[in-house]
1. Out of all the residues in the stretch A:348-357, is one or more away from chain B (no Cβ under 14 Å), surrounded by fewer than 24 Cβ atoms within 10 Å (Cβ to Cβ) and at negative phi?
2. Inside the stretch A:139-196, can you point out the residues that are more than 25 Å from A:Glu98 (Cβ to Cβ) and among the hydrophobic types (A, V, I, L, M, F, W, C)?
3. Which condition number in (1) within 16 Å of ligand 1 (Cβ to nearest atom); (2) over 26 Å from B:Leu24 (Cβ atoms) is the one that B:Val72 fails?
4. Taking A:Val418 and the conditions (1) part of a helix (DSSP H, G or I); (2) among the aliphatic types (A, V, I, L, M); (3) closer than 25 Å to B:Ala123 by Cβ, which numbered condition does it fall short on, given that it satisfies the others?
5. Could you tell me which of the residues B:Gly41, B:Gly32 is within 21 Å of A:Asn86 (Cα to Cα) and in contact with a Cys (Cβ under 6 Å, 6 or more places away or on another chain)?
6. Name the residue, out of A:Asp60, A:Asp26, A:Asp45, A:Asp74, that is closer than 30 Å to A:Ala144 by Cβ and either of a type in the set (Asp, Glu) or in the same structural domain as A:Gly132 (by TED's automatic domain parsing) (or both).
7. Identify all residues within the stretch A:228-247 that are surrounded by fewer than 18 Cβ atoms within 10 Å (Cβ to Cβ), over 21 Å from A:Cys336 (Cα atoms) and hydrophobic (A, V, I, L, M, F, W, C); write none if there are none.
8. Every residue in the stretch B:72-121 that is in contact with a strand residue (DSSP E or B) (Cβ under 7 Å, 6 or more places away or on another chain) and either surrounded by fewer than 16 Cβ atoms within 10 Å (Cβ to Cβ) or among the β-branched types (Val, Ile, Thr) (or both), please.
Amino acid sequence: MPGVLDVVTIGTGVAVVAETFGQALDGKEALDVTWGPGTVDALSDDGIKARLKAATPSLDVLGLLVKKVEGEFDFAFASHAPLETNSAVADVRSDGAEVWLGLKSPIIAQAAIAKAVGLPVSKVKVHVVQSGGSFGRRLFYDAALEAAAVSKKSGRPIRLMWSRIDDTRHGRMRPATHHRVRATYAAGQVLTFQHQVAAVETDFRHGLGDALTAAAASIPSGIGNATFAQTLFLTTVKSPYNFGLTTQTLTEVPLKMHTGSWRSVYSANTRGAEEIIVDELAAKLGKDPVAFRREFLKTARQRAVLAKVAEEGDWGRELPAGWAQGVGFHDEYKACTACLVEIDATDPKEPRVTKAVIAADVGRVINPRGLEAQMLGGLTDAISTTLRAGLHIDEGLPLEGSYSQFHYARQKDSPKDVQIYVIEGADEPGGAGELGVPAAVGAVANAYARATGTKPRSFPINFDVDFTPFPR
Amino acid sequence: MPSHTFTVNGESVTVDAPDDLPLLWALRDLLGIRGPKYGCGIDVCKACTSHLDGEAVRPCVVPVAEAAGREVTTIEGLADGDELHPVQEAWLEQDVAQCGYCQPGQIMAAVALLKRTKNPTDADIDEIANVCRCGTYFRIREAIKSAAARMG
Ligand code: FES
Ligand code: FES
């Protein structure tokens with residue numbers, strides 16, 4: 001074929017080497033490959049959901065007279081969908097190797113590349129370059145391993161890039177989760193709050209950027225990874241409310257799928273579901289969602305961000321039928337945030353978040369515009385994954401293959417009015433990169449619920465297969 | 001191998017390539033013009049948005065043969081020497097870019113929109129379908145409005 005220079009089989013696939021990517025992509029289309037089996041070929045969404053549901057521990061047995069609010073939630077897989085597909089440059093020679101790519105864990109990547117190409121670590125030079133936003137995807141350095149393997153076999157420098165369809169179907173994704181949440185109450189007080197989460201295992205084998213944690217997470221039989229997951233869940237997921245006896249647990253279902261941490265890891269789904277229950281609890285107790293949160297939040301700092309969005313967002317203002325406001329709150333990374341949105345759900349199938357008001361206190365602020373940008377990104381992620389963006393798994397693979405199918409928000413899905421207020425604290429700087437997602441998930445879901453009079457339980461809310469999948 | 005002559009950012013270029021090679025790859029891989037980005041290859045993500053005779057196109061679906069004799073403008077050709085285009089100025093003012101990967105396409109789409117209508121409404125801006133995976137949409141909206149004001 002014109003422009004095609006080489007075809008190379010490596011451990012993870014077949015690489016077509018060409019003068020231009022266009023010709024390499026054509027070459028890829030023309031390949032006739034007999035693939036071995038995948039790891040979950042027999043599994044589709046229904047089966048995965050059933051496995052998750054079965055793995056979710058039951059809630060405590062209650063007396064008949066105990067008053068309660070409860071909900072069972074499902075969140076679909078979500079693609080990291082970096083706009084820049086998986087890519088790396090590698091030049092592997094007999095006496096040394098050099099690679100260039102966006103990376104979050106270059107030290108272990110270097111060791112892994114050295115091992116893969118049979119060179120001492122000192123002979124492998126890794127250049128970390130700026131890359132497209134990947135939201136967790138580039139914790140993995142598989143592109144470097146592939147580029148290096150192809151370069152070694154083909155005997156030339158390689159600029160490797162995945163096609164969009166491969167990136168969507170064979171990349172990484174946020175694991176699907178199932179949730180059982182329940183609060184009990186009496187005499188205006190919340191007595192207990194229980195949340196059982198089951199998730200398809202998140203792959204943490206990249207470690208925390210150093211060789212030690214990567215080795216620990218990679219201990220065979222999954223024990224290492226599972227311990228890692230528990231530690232992460234228990235240190236990051238907390239309830240900001242005085243809800244009496246509070247328990248939150250994670251049960252992982254070890255399916256061999258390409259998962260990975262996705263902006264805010266467990267918190268988007270876990271805290272998102274809790275914020276929905278908080279609204280339902282407020283309604284049961286006959287309280288306004290903002291007033292209820294104000295009453296039960298633990299600290300003045302938390303109440304301040306909530307008060308800020310309620311005031312600036314004119315909480316409770318009149319809106320036309322089919323429209324509503326919704327609010328969400330989140331505390332993590334030594335920071336806290338509240339989000340208030342307005343949604344137009346006149347057509348429940350085509351809802352649009354029209355306005356968002358966000359307040360964040362992340363302690364000392366270094367770069368206010370950068371902080372606001374992170375909150376804006378978190379909001380867009382929440383709008384996308386709450387309303388429309390997810391992956392359907394069919395016989396082991398996502399049906400989605402591009403942005404025409406994985407419905408990440410566009411301009412037409414984004415609010416025309418966004419106000420972000422930074423409340424500067426005196427404490428040491430907290431985290432902001434992931435902070436915005438969970439509160440916004442709660443706000444969008446709660447606004448949708450109030451606008452439509454429904455109780456959203458399955459996310460994304462509008463998740464039909466509204467496309468013809470590309471051939472497998 | 002057929003050869004194709006066209007103008008890119010004011011300079012005449014000739015590339016040898018099959019007629020049906022998408023213009024995107026002629027630009028990126030044969031001419032080394034890397035502003036237009038690949039994100040899908042099927043006119044969905046709009047990351048490659050550039051101009052052909054002043055109109056926004058997606059070079060990932062324009063065969064290179066179709067560019068023959070015409071004028072291609074990429075993000076690299078938008079500024080006038082050291083003088084940035086007002087849309088680029090507005091982008092800096094609003095600090096729009098996060099990772100930046102989508103932004104050449106976003107800017108080229110915005111420039112084309114402002115060419116069609118001097119004062120775009122929110123509904124006009126909504127029609128820009130370029131994906132921004134970092135979610136910068138609101139700042140893009142603000143920057144387009146600011147650019148419209150600058151360009152009067
Ligand atoms: S690469 Fe051209 S539209 Fe996506
Ligand atoms: S700024 Fe990262 S994709 Fe738009």
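The values are calculated or read from the model by the stated rules, or taken from the named source; none is laboratory data. Keep in mind the model is a prediction, meaning the values are calculated, not measured. Neighbour counts run over all protein chains shown; Cβ positions are idealised from the backbone, glycine included.
1. The first filter runs over the stretch A:348-357 and keeps only residues away from chain B (no Cβ under 14 Å), leaving A:348-349, A:351.
Okay, now just the ones that are also surrounded by fewer than 24 Cβ atoms within 10 Å (Cβ to Cβ), so A:348-349.
Narrowing the set further to residues that are at negative phi leaves A:348-349.
There is at least one residue in the stretch A:348-357 that is away from chain B (no Cβ under 14 Å), surrounded by fewer than 24 Cβ atoms within 10 Å (Cβ to Cβ) and at negative phi.
2. Across the stretch A:139-196, the qualifying residues are A:Ile165, A:Met173, A:Ala176, A:Val181, A:Ala183, A:Ala186, A:Ala187, A:Val190, A:Leu191, A:Phe193.
3. (2)
4. Against the list (1) part of a helix (DSSP H, G or I); (2) among the aliphatic types (A, V, I, L, M); (3) closer than 25 Å to B:Ala123 by Cβ, A:Val418 comes up short only on (1).
5. Working: B:Gly32 fails: in contact with a Cys (Cβ under 6 Å, 6 or more places away or on another chain).
B:Gly41 is the lone residue from the list that is within 21 Å of A:Asn86 (Cα to Cα) and in contact with a Cys (Cβ under 6 Å, 6 or more places away or on another chain).
6. Details: A:Asp60 fails: closer than 30 Å to A:Ala144 by Cβ; A:Asp45 fails: closer than 30 Å to A:Ala144 by Cβ; A:Asp74 fails: closer than 30 Å to A:Ala144 by Cβ.
Selected residue: A:Asp26, the only one of A:Asp60, A:Asp26, A:Asp45, A:Asp74 that is closer than 30 Å to A:Ala144 by Cβ and either of a type in the set (Asp, Glu) or in the same structural domain as A:Gly132 (by TED's automatic domain parsing) (or both).
7. Listed by number, the list holds a single entry, A:Leu245.
8. Result: B:Val72, B:Thr73, B:Thr74.
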